[in-house]
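Enquirer: Mind having a look at this structure? Questions to follow.
The values are calculated or read from the model by the stated rules, or taken from the named source; none is laboratory data. A quick note: this is a predicted structure, and the numbers were derived from the prediction, not measured. Methodologically, a virtual Cβ is constructed for each residue, glycine included, from the backbone with ideal geometry; neighbour enumeration extends over all protein chains shown.
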């Protein structure tokens, strides 16, 4: 079983829809949770960063972390065609020694 | 501020050869990590360097090695290339201070082994 599980999709939704992306994990030592967006043939771009449990909002993006359930989510409101990309969750456990563990990535397409 | 840069962007090699990839981190970032991305395995951690020392290592064979220079630039080397080494190799840099756990990725080097 992988440490981080993420539904690879693909996920296709109409423009303007609310998108929900999720990851589950098994390692209770994870404390830092990130969402990256990766366009085709590009490197991952950091979208959201959350420490421990709770919610974080940035514009149309909201990240949620539920450590008791070992479950993290990314919500995208008013989705745009430019949001079409692969979304990767990532997490790490200790400060200082940075080894990110990634989910498989979810390929998202927003249809105009 | 310039982002993470990686060279070359694309590379074609044959089995048995070796390859060296280069990464220049964001100015002021002292931690550099390397990842391998493949369609089957996703993004996997290779190793991390800080102050010219390897601080963390993933589960890759010894054919994969790296180093970091005093200016924080890093190189990774893969010897005796295998077909399965074909992948996107990503470098990420990070500032090293409390509260900064985020890594910033470069565009990657796409390696094709024939």
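Enquirer: For residue B:15, state whether it is touching a residue at least 40 places away in the same chain (Cβ under 8 Å) and farther than 27 Å from residue A:2 by Cα.
Expert: yes
Enquirer: Further question on the same structure: For region B:8-19, what are the residues that are within 15 Å of the chain's Cα centre (by Cα) and either within 11 Å of chain A (Cβ to nearest Cβ) or surrounded by 14 or more Cβ atoms within 10 Å (Cβ to Cβ) (or both)?
Expert: Selection gives B:9, B:10, B:11, B:19.
Enquirer: How many of the residues making up region A:72-108 are modelled with pLDDT of 95 or more and loosely packed, with under 14 Cβ neighbours inside 10 Å?
Expert: Count: 5.
Enquirer: What about residue B:27, is it in a loop (DSSP other than H, G, I, E, B), surrounded by fewer than 16 Cβ atoms within 10 Å (Cβ to Cβ) and more than 11 Å from every other protein chain (Cβ to nearest Cβ)?
Expert: Here the answer is yes, as residue B:27 does meet what is asked.
Enquirer: Can you tell me which residue in region A:25-39 is nearest to the chain's Cα centre (by Cα), limited to those that are within 24 Å of residue A:82 (Cα to Cα) and either more than 9 Å from chain B (Cβ to nearest Cβ) or free of Cβ contacts under 8 Å to residues at least 40 places away in the same chain (or both)?
Expert: Looking at residues that are within 24 Å of residue A:82 (Cα to Cα) and either more than 9 Å from chain B (Cβ to nearest Cβ) or free of Cβ contacts under 8 Å to residues at least 40 places away in the same chain (or both), I get A:35.
Enquirer: Is there a residue in region B:49-66 that is assigned to a loop (DSSP other than H, G, I, E, B), in contact with a strand residue (DSSP E or B) (Cβ under 8 Å, 6 or more places away or on another chain) and buried (at least 23 other Cβ atoms within 10 Å of the Cβ)?
Expert: No.
Enquirer: Does any residue in region A:68-91 that is over 12 Å from residue A:109 (Cβ atoms) come within less than 8 Å, Cβ to Cβ, of a residue that is part of a helix (DSSP H, G or I) six or more places away or on a different chain, and which pairs are these?
Expert: The qualifying pairs are A:76/A:83.
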